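Since the structure comes first, as structure tokens, the remarks are kept for the end.
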Amino acid sequence: MSRIREEYIDTGKVRFVYKHFAILGPESSRSAEASECAAEQYEFWNFHDLVFSDQATNRSSLDQTQLTSLAEQIGLDSEAFQTCLSSGKYSLQIARESQAIQSLGVRGTPGFLVNGVFISGAQPFEVFEQIIEEQLTAAGD
Amino acid sequence: MHNVSESSSSGAQPLPENESEELDNLASTSQLSASTAQKSGGTNPLNIGFALVATFALGLALGFWGRPKIIADVPLQVVVTVVPNENGQAVAQTTAPITESSDTASESRPANSAGNNDQGAAPANETNLAQGTETQPTPTIMEFLLADARHIQGDDAAPVTIIEFSDFK
């Protein structure tokens, strides 16, 4: 993700969009809700990166304590974050978003669409690079 | 205490003269009303039958002419089917048109510290679907997914868009 950001997003060649696809049970729904609570404080992407980094290295359980700890690491207002997370106000929205993606036939996570080209699973940077370059060429960039 | 049985038994007693006249007037009025009703056809079984048939015919006509218009105006649901196009890209086909997304919504959001247009805190009434300006009969799957996207980073005019659908777990 960091290389895609450095080489394509920050250079204006790629726009990156995140959609919730919380299909792995209550813990994934709660994590998605936590990211929305981080978004309330305009820190969605920092939270996004930190959670995936944590999952890649520690694979720690994403309970409320851990989520709050991650939120504090990126400087979020802990009390507001916990209040938001406890309210469950984003649960329905996340469920709907996940259902909409599921209705398109997507079954696994993560998944990516690069200008409509589907990439299944966590792939190395080179896979993204090849497709992005093809799309940039097709777009005449 | 008032005795009901005593009151009811008083019906056998002769009425006073003025009350008898009132009853005669009442009876003649009732006969007149019944006669009038019969003349106007209100109780005629043929007329009732005619009214029922006419109502039934009217209902059929309304159903025949009105139903297609109602269905055309109000799509009940949108069914999205994903099919590949000639370039091998996934394309969403819908039974009803989806409004074009408006990317200008992201421009009105404040950028965060990383310079990203994070629309996560946007109220529900700011969704792009509500701001549709034109219809597309066959939107691509990208357009379908971008219609209500809230977490976006990068340039809106970038030639390539990546959509990640993922689970934090």
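Please treat every number below as a calculation from the coordinates, not as lab data. In this text the structure is predicted, and so the values were computed from the model without any measurement. Glycine gets a Cβ as well: all are built from the backbone with ideal geometry, and neighbour counts include every protein chain shown.
When A:SER69 is tested against (1) surrounded by 16 or more Cβ atoms within 10 Å (Cβ to Cβ); (2) over 28 Å from B:THR161 (Cα atoms), exactly one condition is not met: (1). If you go through segment A:11-34 and pick out every residue that is out of contact with any strand residue (DSSP E or B) (no Cβ under 8 Å at 6 or more places or on another chain), within 26 Å of A:ASN115 (Cβ to Cβ), facing chain B (nearest Cβ under 8 Å) and free of Cβ contacts under 8 Å to residues at least 60 places away in the same chain, you end up with 1.
Among all residues of segment A:62-84, there is none that is without any contact (Cβ under 8 Å) to a residue 12 or more places away in the chain, at positive phi and more than 9 Å from every other protein chain (Cβ to nearest Cβ). When residues in segment A:106-140 are screened for being surrounded by 13 or more Cβ atoms within 10 Å (Cβ to Cβ) and facing chain B (nearest Cβ under 7 Å), 14 of them pass.
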